[in-house]
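See structure below.
The values are calculated or read from the model by the stated rules, or taken from the named source; none is laboratory data. These numbers were taken from a predicted model, which means no experiment stands behind them. Counting neighbours? That spans all protein chains shown, and the Cβs are built from the backbone with ideal geometry, glycine included.
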Amino acid sequence: MNPLVWHLRDRALDLSTRPLVMGILNVTPDSFSDGGRYADPVARGLQLIEHGADVLDVGGESTRPGAEPVSLEEELRRVVPVVRELSSRTSAPISVDTMKPEVAREALAVGAAILNDVSGFRDPRIIEVAREARCGVVAMHMLGAPATMQQNPQYADAVGEVTAYLQERLRALGESGIPLEAVCLDPGIGFGKALEHNLELLANLNAVAALGRPVCLGVSRKGFIGAVCGRALEQRDAGSLAVACFAAARGTAHVLRVHDVPAARDAVLLLSAIDRHRRG
Ligand code: HH2
């Protein structure tokens, strides 16, 4: 299995020369860092592509700690028209950040190419939707559910448990008929993790990369950056970029999920330009 190629529907993304930039497009009034900020999500999505996003990740339900679930009707109403319009106006792959099989199915029907399920495809119905569409999938680790996940999360060995969980999801997806070449894994930074868990995972991401699939990493503006650097939400972009570069330069992150697309684009281009001059 080649970990540096990611198959989505009728195309294969090459992750061998540089990490991909996944631009975050939240179509939510309550996302933790940019909720309700962009009145025209389609225009914002097209702008993210112009700024260098390789993939757009469209989300209609905030998964920030303590967020309240959104109804199916509301999530469909937020996500489907935006995915439909974006797919007709760009060839960049569109990912949908959802845990709901119905939203996944509708979004794929109007052009999405990737399902990003922060619950790691625990619901067999969403696996079936992905299998039928032959789309790419991002399977993430989350301890519990968003409403309660940050209430004193406990691990005996965070790196070992997250890695074992992702390995088990990879097996379950494979057994359900998802080609492993379609799967990208994500340690789920901030999803049921205390500060030391996040830092341990970032320091040992090679354990997740060793599962043989690309790693998607979402650290953008997250709480651990605020905790380490003493920064408010709107001041976390430099720290976010530093952490993403750290993981990408070590070869342990292949898809960077970011709010600040122009900075991430420059970073991945510079990383690959430098890497081409590496000896041996
Ligand atoms: N983080 C968030 C949402 N979806 N998906 C993946 N694969 N990895 C992540 O780390 C991840 C994710 C949370 O960030 P954001 O979208 O900015 O906020 P919200 O959930 O409040 O919309």
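Of the residues examined, T63 is one that is under 24 Å from L185 (Cβ atoms) and either of a type in the set (V, I, T) or out of contact with any strand residue (DSSP E or B) (no Cβ under 6 Å at 6 or more places or on another chain) (or both). Apart from one condition, G174 fits all of (1) under 26 Å from A12 (Cα atoms); (2) touching a residue at least 40 places away in the same chain (Cβ under 8 Å); the exception is (2). The strands (runs of 3 or more DSSP E) falling completely within segment 167-280 include none with 2 or more residues that are more than 16 Å from the ligand (Cβ to nearest atom) and touching a helix residue (DSSP H, G or I) at 6+ places or on another chain (Cβ under 6 Å).
Of a type outside the set (K, R) and at pLDDT below 95 - does that describe any residue in segment 16-23? Yes.
All conditions but one from (1) among the β-branched types (V, I, T); (2) in a helix (DSSP H, G or I); (3) within 15 Å of the ligand (Cβ to nearest atom) apply to T163; the one that does not is (3). Of note, T63 does not satisfy the criterion of being of a type in the set (V, I, T), surrounded by fewer than 23 Cβ atoms within 10 Å (Cβ to Cβ) and in contact (Cβ under 8 Å) with a residue 40 or more places away in the chain. Every listed requirement among (1) out of contact with any Cys (no Cβ under 8 Å at 6 or more places or on another chain); (2) buried (at least 19 other Cβ atoms within 10 Å of the Cβ) is met by A139 save one, (1). Restricting the first member to segment 117-138 and to residues that are without any contact (Cβ under 8 Å) to a residue 40 or more places away in the chain and under 17 Å from M22 (Cβ atoms), and the second to residues that are hydrophobic (A, V, I, L, M, F, W, C) and outside any helix (DSSP H, G or I), the beta-carbon pairs closer than 6 Å and six or more apart or on different chains are D117/M99.
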